Amino acid sequence: MRPANILINKCRRRLLLAFLSGFVSVSSAAFAQTDQKTISLVAETPRSVGQSAYVSVLTDELASAGFELAGDGRLVLIGRGEVRGVVAKNDGTLGFAFLQNQIGEGDAAAALLSAPGAFGGLSEQRAVTQGVIGDAARDEVNGEGVFALRLWPHSTSSLVSLTQLASIDDFIGKKTVTADPYSVAFVESLGAAPMQMEFAEVVTGLMVGAADAAILPQSVVGDDVFELFLDGTVVPEYKTQIGVTLVSSSWWQTLTAGEQRRLLAALDAAEAAAAAAVQESTDQAVDQALERGIQTVSWRSFEASDIRGAVSNSISQNSKVDAEPILQLRDEIKELEQQLDQDSDPNDSEEKGSLEKPARVFFASNRRFDPGEQMLIDRFANTEDSSNTLRCGELTPPGVGRIGSVQEQVRLLGGAAITEGDACIGLISSAVQDTGGQVLIHVHGYRNTFDDAVRAGLAFSRDAEIEGVVIVWSWPSAGAFKSYLFDEESIVISEPLFSSFVIDLATTDGVEQVDFVAHSMGSRLLANLMRDEWIGQPSAVALAAPDVSRHFLKQAVQTAQSAAVTLLATEGDLALLASRKIHARTRAGQAEPLFLISGMDTIDLTAFDRWWANNHGHAFLEREIVADLARLFKGEWTAVSRGLQPFPSPGSDIEHFRIGPDGS
């Protein structure tokens, strides 16, 4: 056999093994129904270093978290296109698939994450999968009895050329072979001539001279394959294959909050391991190419506008949507290297000591209650209570910690118990009467578990040195499940119970004043109360980064005329930027331009913005802002009375205010 044919056959075998080894069809009938804490693992994706690392860490973490693993944690490989049906019909089954195989026409966020060349590297890709684009992609996959819990890097592909590529013009006319239909439009937009072949024939096409370049999985770029490209170019991380972890939506709802939290923590650890393995594999391939003298080129070295045009065309062709708004959102957040909830540098936050006479802090929640869980934070799930029952209890005051954080475990106050329904008003109003008649209601924002919510409320009560009673209203945000649309519906579901609770409390004997602080999406609960069922009493209202339309908030402020409203806004709030893209309406908490109306103080916090941060949590993380809110809730209801300087506002006769670092 000729040497060239030997090389072709070796390459074809490697390609076939890499792609086809996972596709052994297993009937869904082979899966026995498991109990709640027994988990099976199935995949329709081929093996890769990323998947191997993901499964290895996941099985260890699940076992440590108390879950049973069917078949000793063995991964069952099934046929392509079968995972959704298997997961939906079998409780306790985690299914792994490619994101691009789970989307349909018009699913724009998932199309972006699957678009060739959309990101300059794996780190950028991971940043957006963990943010609002990833949230939207998961929402697009959800349905037909399945939830998409996590997105994770399965593997990367490289664009390899037999000749050197120094500029974008060098792609013109290159016959480029690919087995990936999502790559065709992208390659064509680069000026190359795409050729779609069966996966195992890609290298063959190069060897026989049918193509000048190819798109290959990173796992097969190296060793023998490199012999083809000694005078050519390797463009690593041309595209990242995104894995998606699916679970039965009905089974997910049967888990307690604690079980959900432990399962998600295991998936987080697995995702980090997969990313590290994929990056290491890519780095090794690049090193091998450099050792052989093969040119390696980053996507960043090509003209950004040309790459952007090719990506835009690829998304448009593959999802039949206008790609420009999606790409604009990508460009504005892809530099983030941290998750969206890491709003500030923790080294910049001073530590706050516990108070001699702390506020009495209660929680009130309409989350589903799981009494069997040992820890308080695990008794309240990430979905609503089906009977719409309100539950409340008094919490142990917070100790020392950084601004915005509580270090110790959240617990009920010693001797306290969880109270239900109408008895909550009596429990809380009694405490209000004992502490002077004042109460502050704290409403959290999007993507907060019960633990997140009560920690934020406890920390703020300490940091702002609130006196009297603080109530943390924890509505059923999906928290770690990261679903924006789910949370929006949860807000609507919670509005009637929240309004009736506030009205009943405000009209109870001994309750003299009810103030409010709301963050992000939680501001919608408060705005709805102000517009439709305001308590009619003088109150201080602080809205931090409100994720609510300006028109709606204007109606609310104009209706609730006895409320002294303070709005905290910033220019660099990426969460609100994403919300504006989703709703096609500027959010009230965005500072460009500032939202200014009569009867409301608007404070610009842009001086605290950091280029690498989400800038969505300034109100609770910066000592100068917390200090100003402390004065607000001690009775200094106007910005002028608190010593803030007014500034003229372009295009408006209403002045605004500013707070900056060190009080500037």
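The values are calculated or read from the model by the stated rules, or taken from the named source; none is laboratory data. Owing to the predicted nature of the structure, the values given are computational and were not obtained by experimental measurement. A quick note on method: Cβ atoms are made from the backbone with ideal geometry, for glycine too, and the neighbour counts reach across all protein chains shown.
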What number goes with the only condition from (1) outside any loop (DSSP other than H, G, I, E, B); (2) touching an Asp or Glu at 6+ places or on another chain (Cβ under 8 Å); (3) buried (at least 24 other Cβ atoms within 10 Å of the Cβ) that S461 does not pass? (2)
Collect the residues in region 215-234 that are crowded, with 22+ Cβ neighbours inside 10 Å and either modelled with pLDDT of 85 or more or not assigned by TED's automatic domain parsing to the domain that holds V278 (or both), keeping them in residue-number order. I215, V234
Can you confirm whether region 524-539 contains a residue that is in a strand (DSSP E or B) and at negative phi? yes
So in region 643-657, with the set limited to residues that are more than 36 Å from the chain's Cα centre (by Cα) and in a loop (DSSP other than H, G, I, E, B), which one is nearest to L605 (Cα to Cα)? Q645
Which of the residues spanning region 464-506 are surrounded by 23 or more Cβ atoms within 10 Å (Cβ to Cβ) and charged (D, E, K, R)? K482, D487
Scan region 640-661 and report the pairs whose first residue is under 27 Å from E350 (Cβ atoms) and whose second residue is assigned to a loop (DSSP other than H, G, I, E, B) and of a type in the set (D, E, K, R), with Cβ atoms within less than 6 Å and a gap of 6+ or a chain change. R642/E636
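Being in contact (Cβ under 8 Å) with a residue 12 or more places away in the chain and either in a helix (DSSP H, G or I) or closer than 23 Å to E571 by Cβ (or both) is the requirement here; does I491 meet it?
yes
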Might you let me know whether region 506-519 holds any residue that is in a helix (DSSP H, G or I), aliphatic (A, V, I, L, M) and in contact with a helix residue (DSSP H, G or I) (Cβ under 6 Å, 6 or more places away or on another chain)? no
Criterion: of a type in the set (A, V, I, L, M), farther than 24 Å from S500 by Cα and not in a strand (DSSP E or B) - qualifying residue of V454, V432, V406: V406
Just for region 176-200: of the residues that are surrounded by fewer than 18 Cβ atoms within 10 Å (Cβ to Cβ) and modelled with pLDDT of 85 or more, which one is farthest from the chain's Cα centre (by Cα)? A193
Quick check on my filter: what residues within region 412-457 are among the basic types (K, R) and at pLDDT below 95? R447
Only one of E592, E624 is modelled with pLDDT of 95 or more, surrounded by fewer than 21 Cβ atoms within 10 Å (Cβ to Cβ) and acidic (D, E). Can you tell me which? E624
Kindly indicate the residue of region 34-89 that is of a type outside the set (D, E, K, R) and on the phi > 0 side of the Ramachandran plot and also surrounded by the most Cβ atoms within 10 Å (Cβ to Cβ) among those meeting that condition. G73
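With crowded, with 21+ Cβ neighbours inside 10 Å, modelled with pLDDT under 85, over 30 Å from F380 (Cα atoms) and in contact with a helix residue (DSSP H, G or I) (Cβ under 6 Å, 6 or more places away or on another chain) as the only criterion, which of I315, I326, I242, I333 stands out?
Working: I315 fails: modelled with pLDDT under 85; I242 fails: modelled with pLDDT under 85; I333 fails: crowded, with 21+ Cβ neighbours inside 10 Å.
Unique residue meeting the criteria: I326.
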